[in-house]
Amino acid sequence: MDELAAALAFDRGLRARAAQETIELPEGLVVLHEPLRSMRYLNALILDAPLPEAFGPDEVTGLADVRLGHLPYRSVVVDDAAAAERLAPELQRHGWTVERTLFMRWRPDAEIGISADLAREISDDELRMLQREIHREEHAGASAVAEALSATLIAGQDAMRVTTRARCFGAGAEGELSASCTLFFDRPEGEGGLALIDEVGTLSTQRRRGFGRAVVAAALEAARREGCAPIFLPADVEDWPRGMYERMGFEPLGTQVTFTLHPDG
């Protein structure tokens with residue numbers, strides 16, 4: 001199995017199932033969700049085919065304008081990491097931002113280093129409450145803009161859990177929830193298959209207490225009990241949780257690159 005290709009396909013499937021509309025193209029796929037139009041994950045052009053040298057920045061911009069021109073931004077996801085790095089310098093010169101997501105795979109022989117018993121399975125309502133708290137921390141309060149963004153992100157994550165089988169896990173001190181994650185499956189219960197751990201988040205005031213590792217450990221244990229393999233996890237290339245995941249036994253597979261442009265600034 002090409003595990004990177006499998007992880008990228010899992011990600012693409014999550015988006016496509018949660019989106020209201022999908023459009024297949026020779027270069028990949030467009031996903032659209034009009035009620036959640038500010039959520040880039042569900043409104044994007046996904047270039048999942050290998051891109052030839054002739055496919056340059058002008059082609060990216062032109063295709064994005066045609067397919068995403070009704071949105072206030074353009075979000076283009078490139079699975080071909082080598083082509084993405086070739087495109088990046090010129091796109092950045094024209095105002096596009098670049099985000100790199102590292103897909104990782106858990107090694108079955110790895111020592112997790114923390115007990116899964118420190119976390120528990122939680123309900124969707126419990127998850128939403130914690131996500132709201134995390135978003136308020138990230139946006140320094142409960143302004144109208146922050147609340148609207150939080151509501152959109154939570155609704156988008158709800159849409160993914162409704163359309164892809166999932167289980168949620170939480171952890172914290174004295175019964176309070178401080179960290180959570182979601183475990184997604186690609187097959188019905190009892191049929192094994194692939195699994196992906198995503199939406200890992202911890203309140204900033206509760207970090208470095210093991211809660212984030214605990215929820216990931218619980219998700220790993222649940223996936224193992226269901227016979228899932230491989231087990232994937234996406235991480236921001238530049239962010240500190242990547243090191244935590246590596247210490248828990250996750251190893252890099254490869255990178256997906258997302259370009260974003262706000263034409264009106």
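Taken together, the values in this text are just the output of simple stated rules run on the coordinates, not laboratory data. For clarity, every value in this text was computed on a predicted model and none was experimentally measured. Reconstructed Cβ throughout: ideal geometry from the backbone, glycine too, with neighbour counts over all protein chains shown.
General remarks:
- Selection count where residues are surrounded by fewer than 18 Cβ atoms within 10 Å (Cβ to Cβ), of a type in the set (Gly, Ala, Ser) and without any contact (Cβ under 8 Å) to a residue 60 or more places away in the chain, scope segment 204-259: 2
- Condition met for ALA44 (buried (at least 19 other Cβ atoms within 10 Å of the Cβ) and more than 26 Å from ASP264 (Cα to Cα)): no
- Scanning segment 218-239 for residues that are over 22 Å from GLU133 (Cα atoms) and more than 18 Å from the chain's Cα centre (by Cα) returns GLU221, ALA222, ARG224, ARG225, GLU226, GLY227, CYS228, ALA229.
- Single residue of segment 68-80 satisfying the filter (touching a residue at least 60 places away in the same chain (Cβ under 8 Å) and in contact with a strand residue (DSSP E or B) (Cβ under 7 Å, 6 or more places away or on another chain)) that is surrounded by the fewest Cβ atoms within 10 Å (Cβ to Cβ): TYR73
- Count of residues meeting criterion [in a strand (DSSP E or B), of a type outside the set (D, E, K, R) and in contact with a Cys (Cβ under 8 Å, 6 or more places away or on another chain)] in segment 194-207: 4
- Restricting attention to segment 16-67, the residues that are basic (Lys, Arg) and in contact (Cβ under 8 Å) with a residue 60 or more places away in the chain total 2.
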